Structures are given as structure tokens and as C-alpha cells.
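Colleague: One structure, as C-alpha cells, below. Some questions next.
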Amino acid sequence: MPAGGQQPFEVIDVISGSSIPTEAKHSPSRLKVKDWLPLIDKSNKRLDVWKGGTLSLAGRTVLISSSLNNSPIYHMSVYLIPKSTVNQLDKIRRKFFWQGGGTKRKYHLVKWEIICKSKKKGGLGIKDLKRLNISLLCKWWWKLEKEDGLWQQIGKVKYLRNSSIIEVQHKVSDSPMWSDLLKVKDIYLQGRGISVKNGELTRFWQDPWIYEEPLSSHAPLLFELCENKNITVACALKGDQIRFRRWLHNEIRNEWEKIWEDASKFQLEDQEDIVVWNLGKK
């Protein structure tokens with residue numbers, strides 16, 4: 001929880017000791033690019049050119065990775081950092097990696113995207129800031145669905161309002177943090193899977209439940225024509241009509257009738273759906 005007196009650019013989080021843009025404390029509107037200047041200044045100080053003058057490439061790699069501790073990680077786990085800010089942070093890291101303490105510009109012999117790959121994939125294991133930012137935000141969705149606590153209870157009451165994360169939409173009154181979480185929700189849903197029980201968390205079209213692949217892949221034309229794409233399995237099987245925006249000709253209608261016949265045979269259970277992670281065990 002933010003606390004402490006106001007400063008020209010930032011306030012301090014009493015839990016992590018990290019700085020928080022002042023705008024985040026006072027306004028429900030989205031943070032502006034200028035509110036991220038303190039984060040860029042901190043990265044500049046941590047990666048001053050004189051520090052790289054006596055370091056090898058391996059040493060610079062270690063220092064670049066350590067510069068992501070504390071404040072940057074905290075910010076990236078709370079807000080979706082603007083693309084321009086990520087580009088500036090990457091520019092600082094690239095320059096430090098290749099030039100070290102020198103002032104003369106040097107050629108970048110390898111693309112930064114390759115350097116940011118894991119060592120198993122031929123990179124140096126330096127974190128990709130954009131992907132790291134998205135991953136940290138997606139963990140909040142995982143915690144919201146898999147864990148129980150005070151903030152989960154508040155979030156479900158204030159934002160979900162007894163609906164699933166599939167149905168929740170952006171509102172003007174949303175906080176900056178919740179607005180940023182909604183921007184990565186679809187990315188999270190690509191990796192999140194469901195063990196179907198009562199069908200309340202299972203997406204009718206985008207989750208595999210009656211076939212090995214989602215119905216959106218099994219019948220892409222029907223999915224494209226469907227008006228309520230985010231309908232859940234529970235709603236569909238309990239009577240909510242699946243609507244299409246135009247009349248289905250015979251071939252497509254026969255395909256839909258076959259799908260609906262298979263779906264109608266599916267037996268829902270009294271237990272809640274179990275959320276799983278499809279991309280790995282961690």
C-alpha cells in the first residue's frame with residue numbers, strides 16, 4: 001500500500017521500498033509516459049558507463065540482470081509499462097552491453113532479441129522486458145483464479161461481480177492496474193486450461209472440452225459468425241442461446257448441429273472447474 005509524503009516525481013511503497021509514480025496514487029486515469037521517467041533515471045544510474053569500463057561482456061551481463069532487481073520488477077508486476085519506456089530501458093541496456101565504459105559507438109554484432117533468449121536457445125539469458133512485464137501481470141490472473149485472500153475477495157466483488165474473468169470488460173471507473181491486467185487477459189487465457197466440471201469457467205468456443213482442440217479451431221467459420229463468442233459451457237448447456245449474425249446455409253448448419261449434438265451429451269458435474277496451466281508444470 002503506498003504511503004509516505006509526496007515528492008516531485010514519486011512516492012515510496014512501504015512494503016517493497018520501491019518508488020511508485022505519483023500519478024498512480026492520485027488519479028484513476030492511465031499513467032503518462034512522463035510518470036515513468038524516474039524508472040529510466042534509476043536504470044541510467046545503475047548502468048553508468050564508468051561501471052562497464054573494467055568489465056567483460058560476462059560481467060556486464062550480470063550487472064544488466066541485477067539492474068532489474070527491486071524497483072523495475074515491482075513496477076512491471078503492477079503496471080503495463082508503455083512501449084516507449086521499454087524501448088528507452090532497452091536502449092540503456094544495449095548501449096551498456098556493447099560499449100561498456102567507452103564513448104565511441106560500437107557495432108551491435110548480435111540482435112538484442114537473440115541476446116534476450118535463454119541460454120538453452122542460444123541467448124545470454126538477459127530478460128526481455130516486454131515479455132517479463134506481461135508474464136508478471138499474467139500471474140495476477142493466475143493468483144485470482146487459483147488462490148484465496150483478501151485482495152482476491154475485493155477484486156472479485158469490485159470488478160468481477162460474480163462473473164468469470166472471461167466475461168469481465170473494461171469500464172471507465174477501472175483503476176490503472178486493473179486496466180493493464182485486462183490488456184494481458186487474452187494472453188493469459190492462451191496458456192490457461194480448464195479441467196471441466198460444472199463448466200462455469202470453461203469457454204464454449206476457446207477451450208477444448210468436447211474435442212481435443214477448441215471449437216474455434218475445429219469450426220472457425222462458425223466461431224467467426226457467432227455473436228456471443230465468450231459464452232461459457234455452463235451458460236450454453238443450461239439454456240442461453242448461441243446466436244449467429246446471419247442464417248447458416250445447409251453445410252454449415254449441419255456442422256453446427258453435429259457439434260451441438262456432441263455438446264449436449266456432455267455431463268456437467270457439481271464441482272467447480274479446475275484451472276490448470278497448459279504451458280508447463282511451474
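No value in this document is a laboratory result; all are computed from the given coordinates. These numbers come from a predicted model, not from an experiment. Don't worry about glycine lacking a Cβ; one is built from the backbone with ideal geometry, like all the others, and counts go over all protein chains shown.
Colleague: Placing unit charges on C-beta atoms (Lys and Arg positive, Asp and Glu negative, everything else neutral), compute the dipole magnitude of segment 192-265 about its Cα centre in debye, rounded to 20. Before the final figure, lay out each step's value.
Modeller: Numbers: 11 positive and 12 negative charges, 53 e Å.
Result for segment 192-265 is approximately 260 debye, rounded to the nearest 20.
Colleague: Let me ask you something else. Once you have a ≥ b ≥ c as the square roots of the Cα gyration tensor eigenvalues for segment 180-282, tell me rounded if a/c is under 1.5, and otherwise prolate or oblate according to whether a/b is larger than b/c.
Modeller: Details: a/c = 1.89, a/b = 1.43, b/c = 1.32.
Verdict is prolate for segment 180-282.
Colleague: So if I place +1 on the C-beta of Lys and Arg and -1 on the C-beta of Asp and Glu, and nothing else carries charge, what would the dipole magnitude of the chain be about its Cα centre? I want it in debye, nearest 20. Before the final figure, lay out the partial values.
Modeller: Details: 47 positive and 32 negative charges, 433 e Å.
It comes to approximately 2080 debye.
Colleague: While we're on this one: Pairs of alpha-carbon atoms within less than 8 angstrom and 6+ residues apart define the contacts here; what relative contact order does the chain have, in percent?
Modeller: On the way: 319 pairs, mean separation 40.4, N = 282.
Reported as a whole number, the value is 14 percent.
Colleague: A follow-up question, please. What label, among (1) 145; (2) 182; (3) 191, belongs to volume of the Cα convex hull per residue in Å³ computed from the structure on display?
Modeller: It is the value labelled (2).
Colleague: While we're looking at this one, here's another question. Around Phe244, which amide H atoms from residues at least 5 apart in sequence, or from another chain, sit under 5 Å from its own amide H, with H modelled in the peptide plane?
Modeller: Sorted by chain and number, the residues that satisfy this are Glu227.
Colleague: Which of the GluC sites (Glu not before Pro) found in segment 246-282 are in a DSSP loop and have at most 13 neighbouring Cβ atoms, other than their own, within 10 Å?
Modeller: Numbers: sites: Glu251, Glu255, Glu257, Glu261, Glu269, Glu272; in loops: Glu269, Glu272.
When the GluC sites (Glu not before Pro) of segment 246-282 are filtered for loop state and at most 13 Cβ neighbours within 10 Å, Glu269, Glu272 remain.
Colleague: Taking a ≥ b ≥ c as the square roots of the Cα gyration tensor eigenvalues, with a/c under 1.5 meaning rounded and otherwise prolate when a/b beats b/c, else oblate, which class fits segment 89-247?
Modeller: Working: a/c = 2.72, a/b = 1.93, b/c = 1.41.
Judged from the Cα gyration tensor, segment 89-247 comes out prolate (a/c at least 1.5, a/b above b/c).
Colleague: From the backbone phi of segment 215-224, what are the Karplus-calculated ³J(HN,Hα) couplings (6.51 cos²θ - 1.76 cosθ + 1.60, θ = phi - 60°) in whole Hz, Gly and Pro given as x?
Modeller: 5, 5, 8, 5, 9, x, 5, 4, 5, 5
Colleague: Could you list the residues of segment 200-226 with an amide nitrogen less than 20 Å from a label point located 7 Å from the Cα of Gln241 in the Cα-to-C-beta direction?
Modeller: Residues 204-205, 222-226 qualify, since their backbone N sits under 20 Å from the label point.
Colleague: Towards the positive end of the charge dipole of segment 37-188, with charges on Cβ (+1 Lys, Arg; -1 Asp, Glu), say which of Leu109, Ser66, Ser135 has the farthest Cα.
Modeller: Final value for the positive-end residue is Leu109.
Colleague: Please give the calculated 222 nm ellipticity per residue for the chain, where each DSSP H segment of at least 4 residues contributes -39500 (n - 2.57) and the sum is spread over every residue; nearest 500 deg cm²/dmol?
Modeller: Values: 14 runs with 121 residues, N = 282.
For the chain, the value works out to -12000 deg cm²/dmol.
Colleague: While we're here: What pairs in Lys83/Lys121; Lys185/Lys265; Lys121/Lys185; Lys117/Lys282 have C-alpha atoms more than 22 Å from each other? It would help to have the intermediate numbers written out before the result.
Modeller: Working: Lys83/Lys121 25 Å; Lys185/Lys265 30 Å; Lys121/Lys185 27 Å; Lys117/Lys282 19 Å.
Among Lys83/Lys121; Lys185/Lys265; Lys121/Lys185; Lys117/Lys282, the Cα-Cα distance tops 22 Å for Lys83/Lys121; Lys185/Lys265; Lys121/Lys185.
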